[in-house]
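So the structure is just underneath, and the comments pick up after that.
The values are calculated or read from the model by the stated rules, or taken from the named source; none is laboratory data. A quick note: this is a predicted structure, and the numbers were derived from the prediction, not measured. Using ideal geometry, Cβ is built from the backbone for each residue, glycine included, and neighbour counts are taken over all protein chains shown.
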Amino acid sequence: MSSVLIGQIVNVHGIKGEVKIYPYTDDVDNLAMKLKKIYLDEEMKQGSYKISCRIQKGMLLAKITGIDTVEKAEELRNRYVYISEDSLDTLEEDSYYVKDLIGLDVIDVKSNELFGKLDYVFNTGANDVYEVTTLDNKKVYLPAIKQVVKKVDIKARKIYVEIMEGLI
């Protein structure tokens with residue numbers, strides 16, 4: 001069973017062991033409703049933790065079973081939060097998990113040539129931004145909007161983009 005990174009514990013909240021989790025998703029409401037079990041290491045060796053959470057200012061405030069003091073919660077600061085991959089929802093058409101996009105070839109639709117590889121996805125609120133390393137090893141940032149991203153083909157491991165004039 002493999003894991004999926006969904007956030008990072010960034011702080012403690014209150015005096016009863018709650019933690020603040022910065023979510024790595026744009027669907028925080030859905031995550032908060034469905035999040036019942038987490039892992040604090042990618043390999044899931046330490047086992048799972050039961051969790052209940054609520055949303056405050058875009059962050060998840062979480063109560064993790066067994067973490068009942070500020071001191072115990074403080075020990076979790078900066079830890080990454082994972083869920084099992086089999087607990088992920090099926091996405092709507094034209095929606096993708098970031099984990100599926102990282103490493104895809106980025107193809108320029110005008111030349112039909114390889115432009116680079118997708119390294120990272122930033123969520124800016126308005127839209128995602130793709131960090132692409134070009135063939136000459138430069139970092140380029142492309143907005144993930146329909147005018148730029150023309151097609152995503154997960155099976156072929158390619159993203160087709162139109163590099164608009166003045167964008168890079």
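May I ask you to verify whether Gln8 is within 27 Å of Ala126 (Cα to Cα), without any contact (Cβ under 8 Å) to a residue 60 or more places away in the chain and surrounded by fewer than 19 Cβ atoms within 10 Å (Cβ to Cβ)?
Considered against the rule, which asks whether it is within 27 Å of Ala126 (Cα to Cα), without any contact (Cβ under 8 Å) to a residue 60 or more places away in the chain and surrounded by fewer than 19 Cβ atoms within 10 Å (Cβ to Cβ), Gln8 comes out as no.
With of a type in the set (A, V, I, L, M), surrounded by 13 or more Cβ atoms within 10 Å (Cβ to Cβ), outside the structural domain of Ile15 (by TED's automatic domain parsing) and modelled with pLDDT under 95 as the only criterion, which of Val81, Val132, Val121, Val106 stands out?
Within the list Val81, Val132, Val121, Val106, the selection yields Val121.
Go through the residues of segment 17-24 one by one and say whether even a single one is surrounded by 14 or more Cβ atoms within 10 Å (Cβ to Cβ) and free of Cβ contacts under 8 Å to residues at least 24 places away in the same chain.
Taking every residue of segment 17-24 in turn, none turns out to be surrounded by 14 or more Cβ atoms within 10 Å (Cβ to Cβ) and free of Cβ contacts under 8 Å to residues at least 24 places away in the same chain.
Report whether or not Asp89 is of a type outside the set (Phe, Trp, Tyr) and at pLDDT 90 or above.
So Asp89 does not fit the description; no.
Across segment 25-55, what is the number of residues that are crowded, with 19+ Cβ neighbours inside 10 Å, among the β-branched types (Val, Ile, Thr) and farther than 16 Å from Leu88 by Cα?
1
Checking the conditions here, which among Lys63, Lys45, Lys50, Lys99 is touching a residue at least 12 places away in the same chain (Cβ under 8 Å) and either closer than 27 Å to Val161 by Cα or assigned to a loop (DSSP other than H, G, I, E, B) (or both)?
After applying the criteria, what remains is Lys99.
Please work out if Asp119 is over 12 Å from the mean Cα position of the chain (by Cα) and more than 22 Å from Ser3 (Cβ to Cβ).
no
What single numbered condition from (1) assigned to a strand (DSSP E or B); (2) touching a Lys or Arg at 6+ places or on another chain (Cβ under 7 Å) fails to hold for Tyr22?
Going through (1) assigned to a strand (DSSP E or B); (2) touching a Lys or Arg at 6+ places or on another chain (Cβ under 7 Å) one by one, Tyr22 breaks only (2).
Can you find even one residue in segment 75-91 that is touching a residue at least 60 places away in the same chain (Cβ under 8 Å), in a loop (DSSP other than H, G, I, E, B) and on the phi > 0 side of the Ramachandran plot?
Yes, segment 75-91 contains at least one residue that is touching a residue at least 60 places away in the same chain (Cβ under 8 Å), in a loop (DSSP other than H, G, I, E, B) and on the phi > 0 side of the Ramachandran plot.
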